[in-house]
Amino acid sequence: MLKLIDMYKIILEEAAPGGTMELGQTPIEDAIAYCNRMGLKIPKLEQHLKLAYKLFSYGKTKREDMPVINTVDVRELQHRLKNGNIDFNQPYSPNTDSSNPFPSGLSYSDAAKFMSNGLHDKSRPDDQIHVVQKLIPAKDLKPIQKQVYLDKAVLKIVKSNGSIDYLRNAILICSSDNRIIDGHHRYLAALIVNPYFKVNCLVVDLPISKLLPFATAYGDAIGNERNF
């Protein structure tokens, strides 16, 4: 007969990848009890969860409005930003709508043009965006996504035997003002286990007000489906 903790792990596996326990809708007492049922032995768990609740209360962007840029996409994203492929600034390419330079839902030829418009305006350097990888403590980052799921983050921790060392090979994409664009569930896992854990971040030298619409358009253009 399966132990209770093993049954919870099976249920959690079946609930992935979307998750069922939305952090903002789950009382913190239930979150603590859930983590304990899953066998997480984390010092200062309640303190860590309180911080996570506080930080995620600032998230306002709906999940379906968030970009999807996977770890395998990061290298090509870096190249395109540094090379000036994307048309960020005036003078714009004739193919760029200056009133909406980052349109959603791009595909096929429109997506291909979006990926190279910055090379077809009159000034290549104006669209070269500085990008740097750096380690940032999780507590110093700020989420923008409204919907994040506790069980999805906890599953990753359980699979790693209570560790978040797997995050050393993962990359979060962040704005110049430390807002997270991609990697919210990995970020939540880090907060739960150790808010001082230094997360590997790809920091794009754009404020969130400009990075979010660009990243959303970019995720669509490379064919990544949004999360709903």
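The values are calculated or read from the model by the stated rules, or taken from the named source; none is laboratory data. This is a predicted model, so every value here is computed, not measured. Positions of Cβ are generated from backbone atoms using ideal geometry, with glycine treated the same way; all protein chains shown enter the neighbour counts.
Would the range 145-168 turn up any residue that is crowded, with 22+ Cβ neighbours inside 10 Å and touching a Phe, Trp or Tyr at 6+ places or on another chain (Cβ under 6 Å)?
no
Limited to the range 189-228, what total is found for residues that are small (Gly, Ala, Ser) and over 24 Å from SER104 (Cβ atoms)?
Of the residues in that region, 2 qualify.
Being assigned to a helix (DSSP H, G or I) and surrounded by fewer than 17 Cβ atoms within 10 Å (Cβ to Cβ) is the filter here; which residues of the range 116-133 pass it?
Correct list: LEU119, PRO125, ASP126.
Taking only the range 7-29 into account, find how many residues are loosely packed, with under 12 Cβ neighbours inside 10 Å, acidic (Asp, Glu) and modelled with pLDDT of 50 or more.
Looking only at that region, the number is 1.
What's the number of the only condition in (1) outside the structural domain of TYR187 (by TED's automatic domain parsing); (2) surrounded by fewer than 13 Cβ atoms within 10 Å (Cβ to Cβ); (3) touching a strand residue (DSSP E or B) at 6+ places or on another chain (Cβ under 6 Å) that GLN78 fails to meet?
(2)
Only residues that are aliphatic (A, V, I, L, M), within 30 Å of ASP126 (Cα to Cα) and without any contact (Cβ under 8 Å) to a residue 60 or more places away in the chain: list them for the range 179-193, please.
The answer is ILE180, and nothing else.
Considering the range 97-115 alone, what residues qualify as being closer than 17 Å to LEU211 by Cα, of a type in the set (Ser, Thr, Tyr) and either touching a residue at least 12 places away in the same chain (Cβ under 8 Å) or surrounded by 16 or more Cβ atoms within 10 Å (Cβ to Cβ) (or both)?
Passing the criteria: only SER104.
Count, please, the residues in the range 194-228 that happen to be in contact with a Ser or Thr (Cβ under 9 Å, 6 or more places away or on another chain), surrounded by fewer than 23 Cβ atoms within 10 Å (Cβ to Cβ) and either free of Cβ contacts under 8 Å to residues at least 60 places away in the same chain or not basic (Lys, Arg) (or both).
Looking only at that region, the number is 13.
Can you find, within the range 62-95, the residue that is farthest from SER209 (Cα to Cα) among those that are touching a residue at least 40 places away in the same chain (Cβ under 8 Å) and of a type in the set (A, V, I, L, M)?
VAL74
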